[in-house]
Amino acid sequence: MTMASIAGLTPADFARATWDDLLPYYRELVERPLDLSNVEEWLADWSRLEELLTEAGAMAMIAYTCDTADAGKEAAHLRFSAEILPRVEEQEVQLANRLLALGYTRPDLAVTVARFRTASEIFREANIPLSQEIEEHSARYQKITGGLTVDWNGVEKTLPELQPFLQSPDRTIRERAFRLNCGAYAERRDELAAIFDILFDLRVKTARNAGFSDFEAYCFKAKGRFDYTPADCRRFHAACEEKVAPAVERLMARRQKALGVDRLRPWDVGPDPKGREALKPFKEVGDLITTSRRVFDQVSSNFGGQFQTMMDDGLLDLEVRKGKAPGGYCETLHYRGRPFIFMNAVGVLDDVSTLLHEAGHSFHAFEAHHTPFIWQRHPGLEMCELASMSMELLAFPYLDQEHHGFFESEEFARARVEHLEDVLVTLSHVSSVDAFQSWIYTSGQGRDRDARDQAWLRIRSRFERGIDWSGLDRERITRWYRQLHIFLYPFYYIEYGIAQVGALQVWRNSLRNQADAVERYRQALALGNTRSLPELYRAAGVEFTFDAKVIGELVTLVEEELEKWRGLSGLGV
Ligand SMILES: [Zn+2]
């Protein structure tokens, strides 16, 4: 085997690579003599290799999600995701071990080194086949849930196609759509529960192999959660139960009154309370882009410029199109130092929120790219989601007509109300999902499918109040089967709650001084992953917290703002 050098290579050179082509580059880094005099150069080469490889993989993924019908693109994406990237992990642990053995570190690499250390500590050869098995069963879950359909007036419809009916002003239509939607999951409940049993066993075994008594403790380590514990998350749940759930209950009571119904049933949560048509902020995706460009420019000329770069470089694929994968994402191309945004815009308010959110991720990528090594750029999701969720709130003031945004004044107020209500509902939802996952893996009863369903009902009712679910236990239980994170990405969820509390603080700062709040936010993004989470939050001018008092104050602020905007939105106070 000759010594492989990455000098002069670009991601395009790796576009067709197989694992056998790539291994020599890792071998060279594993075998190169290493000491304190050349460690920086060695790290730079390793980082450059990761940039090349992750960008080649990202390009393959982007090409595939933009055109899922092309078999060649699918094969290339699978080559990276299933063959190459899982093998990279093993090499990374070897390289990390070399760095750890050398004892080299510096302040802006401390978080990275801590991550390398935990990855190395919990790595077990025996867990590789287990994670492959987990992937297979996860894929079965996705296949079943992705293929669910219902009969709607003799026409076969997918569950996403039912969504508009859940918002219908006609209550009978909403109820029918709701029951069909839940029924599709309820019919497959035993099958899905059986998949979960297998995943549960595999995960518990993975944790045991790595020397952990419970899977929750293992996950905290594996996810590099250095700054908080399961006990902090329980404090967070309690705070949301005490402060957020009653606010959501008030919101639901208001909705019930507006709809004029004697009981607010779960199918009454979707529609506009005044029976108005859904907001239509734009017609063409071109309008979405140019209007957003103006919005970001008013948040900060930096962000406006970065968004313009994405427009110029073809890094936005936003319109819904046949053959595109569902959903939305922002992917970083580390070699070029550019992000890419993917979504399926159809002209609704959600599309605007999604673009603001993903743009927040993309500004993070731009700002952090100046750091020398790839690992210094992406902090934990607790910070990445603060970047995106804050942008949704920071950009909102510029969405009205006065700022050449998307909405005339009554629509603008309506959009604000919908967005802020959603913030509260999301906090409650996140708490219920996280508390449930914690119960699954620590109660000793998580392997019992009936006990699981009962636990969900119990936990859910702590956080979701004001909706009358009587006689609908079977339907309510299906909600957790629909939450793919619980099946595919265990314990990945509380990050959204932590980040939302951070983003609400950024927003609170912006209500006092928008320019200062934006500047601190930008500086925090530019720190990438070179500081701990509490330090990154502090740089953004906010507190990394699970505290009921802070959460309570933020909820009060949201409710005050809601009151103000409701008055302007035609809903009355
Ligand atoms: Zn996000």
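Specify which residue in the list Val248, Trp267, Val285 is farthest towards the positive end of the charge dipole of region 195-291, using unit charges on the beta carbon of Lys, Arg (+1) and Asp, Glu (-1), about the Cα centre.
Val248
Per DSSP helix of 4 or more residues, -39500 (n - 2.57); summed, then divided by the residues of the chain. What does that give at 222 nm, rounded to the nearest 500?
Value at 222 nm, helices only, nearest 500: -21000 deg cm²/dmol.
Take the solvent-accessible surface of the protein heavy atoms, probe 1.4 Å, and return the percent of it on region 251-376 that carbon and sulfur atoms account for.
Using a 1.4 Å probe with all protein chains present, region 251-376 comes out at 48 percent carbon and sulfur.
State in Å² the accessible area per residue of region 354-447; use a 1.4 Å probe, count heavy atoms of protein chains only, and round to the nearest integer.
Result: 28 Å² of accessible area for each residue.
With the full set of protein chains in place, find how many percent of the accessible area of region 157-236 is carbon and sulfur; take the probe as 1.4 Å.
53
Of Ala96, Leu22, Ile134, which is farthest towards the positive pole of the chain's charge dipole, taken about the Cα centre with +1 and -1 on the beta-carbons of Lys, Arg and Asp, Glu respectively?
Ile134
I'd like to compare 220-227, 6-13, 446-453: which one has the highest average count of other Cβ atoms within 10 Å, and what's the full order after that?
For the peptides 220-227, 6-13, 446-453, the packing ranking is 220-227, 446-453, 6-13.
Determine the sum of side-chain charges near Gly103: Lys and Arg each +1, Asp and Glu each -1, restricted to other residues whose C-beta is under 15 angstrom from that of Gly103.
Residues close to Gly103 contribute a combined charge of +1.
Roll a 1.4 angstrom probe over the protein heavy atoms and tell me the percent of accessible area of region 16-153 that is carbon or sulfur.
52
How high is the relative contact order of region 290-372, in percent, counting Cα pairs under 8 Å that sit 6 or more residues apart?
Relative contact order, region 290-372: 26 percent.
Please report how far the C-alpha centroid of region 326-355 lies from that of region 397-427, rounded to the nearest whole angstrom.
The two parts, judged by their Cα centres, are 20 Å apart.
Using alpha-carbon pairs under 8 Å, 6+ residues apart, how would you state the relative contact order of region 210-318 in percent?
10
Roughly how far apart, in whole Å, are the Cα centres of region 81-155 and region 44-69?
Comparing the Cα centres of region 81-155 and region 44-69, I get a distance of 16 Å.
What ranking do 501-511, 175-185 get when scored by the average of other Cβ atoms within 10 Å per residue, highest first?
Packing order, densest peptide first, comes out as 501-511, 175-185.
Can you give the charge dipole size of region 76-207 about its Cα centre, rounded to the nearest 20 debye, using +1 on the beta carbon of Lys and Arg and -1 on the beta carbon of Asp and Glu?
Its charge dipole is roughly 360 debye.
Charges at C-beta only: +1 for Lys and Arg, -1 for Asp and Glu. How large is the resulting dipole of the chain about its Cα centre, in Debye rounded to 20?
So the dipole magnitude of the chain works out to roughly 1300 debye.
Tell me the per residue accessible area of region 1-49 using a 1.4 Å probe; a whole number in Å² is fine.
56
Quickly rank 52-62, 338-348 as a protection proxy: mean count of other C-beta atoms within 10 Å, highest first.
Packing order, densest peptide first, comes out as 52-62, 338-348.
Pick out, from Phe303, Ala515, Tyr185, the residue whose Cα sits farthest towards the positive end of the charge dipole of the chain, with +1 on the Cβ of Lys and Arg and -1 on the Cβ of Asp and Glu.
It is Tyr185, whose Cα lies furthest towards the positive end.
Any idea what the relative contact order of the chain is, in percent, if you count C-alpha pairs under 8 Å spaced at least 6 apart?
18
The values are calculated or read from the model by the stated rules, or taken from the named source; none is laboratory data. Quick caveat: nothing in here was measured; it's all calculated off a predicted structure. Because the Cβ atoms are built from the backbone with ideal geometry, glycine has one as well, and the counts that use them run over all protein chains shown. We work out accessible area using only protein heavy atoms, side chains counted, and drop any ligands, DNA or RNA first. Shrake-Rupley method; radii C 1.70, N 1.55, O 1.52, S 1.80 Å.
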